[in-house]
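Structure first, commentary second.
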Amino acid sequence: MEMNPTALERIRVASRPEIARLSVTQFHRMIELGILPEGEPIELIDGILVRKDNSDAGGDPMTHGPRHAFCVQQLKDLEGRMKPYQCHLRQQLPIILSDNREPEPDIALVRGIIDDYSNRHPDASDCLTVIEVADSSLEYDRTTQARIYAAVEIPFYWIVNIPERQIEVYESPVASEERYAKQTILKSGATVKWLLGPDISIDVGVDAILP
């Protein structure tokens, strides 16, 4: 008698098994019930639970690497320069992009003050810039993360690229194609102009962020 193949066997023969995807509401419920520990670095990407990789290249993917942590903290320390312009930085906290996408970018520049989000997470319309610090996660940040941020027209997406010691600035999102039309690479010694609003920006040195 012929046996039904398992999901793993179907994958091996390139037959795509159906995946049951979660909604943001279901994801939150799993946290409320303790199925997922609150505070775990787990994101919901296209309805799939994904563990966020904060490790340094070659390090344990379950740990937060010191180089990654350094860059995140350097960025967060810039917040004082932004508050006069009615925006603030969120560090590794959720933003809701759609019914099945809730990433936790390393840094998100968000409109308004912290009190504006006491009863909800920011959505795409609240975000001016999202930033991922990339070491071991570089390929993922250049592909999947860039795609989901462009799809909801977040104006600017940065990758702080630790291995190549550069900051990659993506802008001009093309939502229908889930991509950014423009990319600028800024190396050591360069300055990033961080836009906070119409005709408002601050200058940030690449070397002030990278370890």
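A few notes on this one:
- Of the residues making up segment 125-137, those that are in contact (Cβ under 8 Å) with a residue 60 or more places away in the chain and under 10 Å from Asp53 (Cβ atoms) are Asp135, Ser136, Ser137.
- Within segment 21-46, residues that are without any contact (Cβ under 8 Å) to a residue 24 or more places away in the chain have Cβ atoms under 7 Å from residues that are in a loop (DSSP other than H, G, I, E, B) and of a type in the set (Asp, Glu) in these pairs: Ile31/Glu38, counting only partners at least 6 apart in sequence or on another chain.
- Segment 187-203 residues that are in contact (Cβ under 8 Å) with a residue 24 or more places away in the chain, paired with ones that are small (Gly, Ala, Ser) and open to solvent by less than 70 Å² (accessible area, probe 1.4 Å) (beta carbon under 8 Å, 6 or more apart): Val192/Gly205; Trp194/Ser201; Leu195/Ser201
- Qualifying residues in segment 124-142 (those that are more than 19 Å from Gln86 (Cα to Cα) and outside any strand (DSSP E or B)) - the one most open to solvent (accessible area, probe 1.4 Å): Glu139
- Selection within segment 143-158: residues that are part of a helix (DSSP H, G or I) and touching a residue at least 24 places away in the same chain (Cβ under 8 Å). The member of this set that is surrounded by the most Cβ atoms within 10 Å (Cβ to Cβ) is Tyr149.
- Of residues in segment 91-123 being basic (Lys, Arg) and part of a strand (DSSP E or B), the one least open to solvent (accessible area, probe 1.4 Å): Arg101
- Count of residues meeting criterion [of a type in the set (Lys, Arg) and closer than 14 Å to Thr184 by Cβ] in segment 143-173: 0
- Extreme residue, farthest from Leu78 (Cα to Cα), among residues of segment 171-183 that are open to solvent by less than 50 Å² (accessible area, probe 1.4 Å) and out of contact with any helix residue (DSSP H, G or I) (no Cβ under 6 Å at 6 or more places or on another chain): Val174
- The lone exception for Glu79 - which of (1) acidic (Asp, Glu); (2) within 17 Å of the chain's Cα centre (by Cα); (3) open to solvent by less than 70 Å² (accessible area, probe 1.4 Å) it fails: (2)
- Across segment 159-208, the number of residues qualifying as assigned to a helix (DSSP H, G or I), within 22 Å of His88 (Cα to Cα) and among the small types (Gly, Ala, Ser) comes to 1.
The values are calculated or read from the model by the stated rules, or taken from the named source; none is laboratory data. Quick caveat: nothing in here was measured; it's all calculated off a predicted structure. Counting neighbours? That spans all protein chains shown, and the Cβs are built from the backbone with ideal geometry, glycine included. Remember, those area values only see protein heavy atoms, side chains included, never the ligands or the DNA or RNA. Shrake-Rupley method; radii C 1.70, N 1.55, O 1.52, S 1.80 Å.
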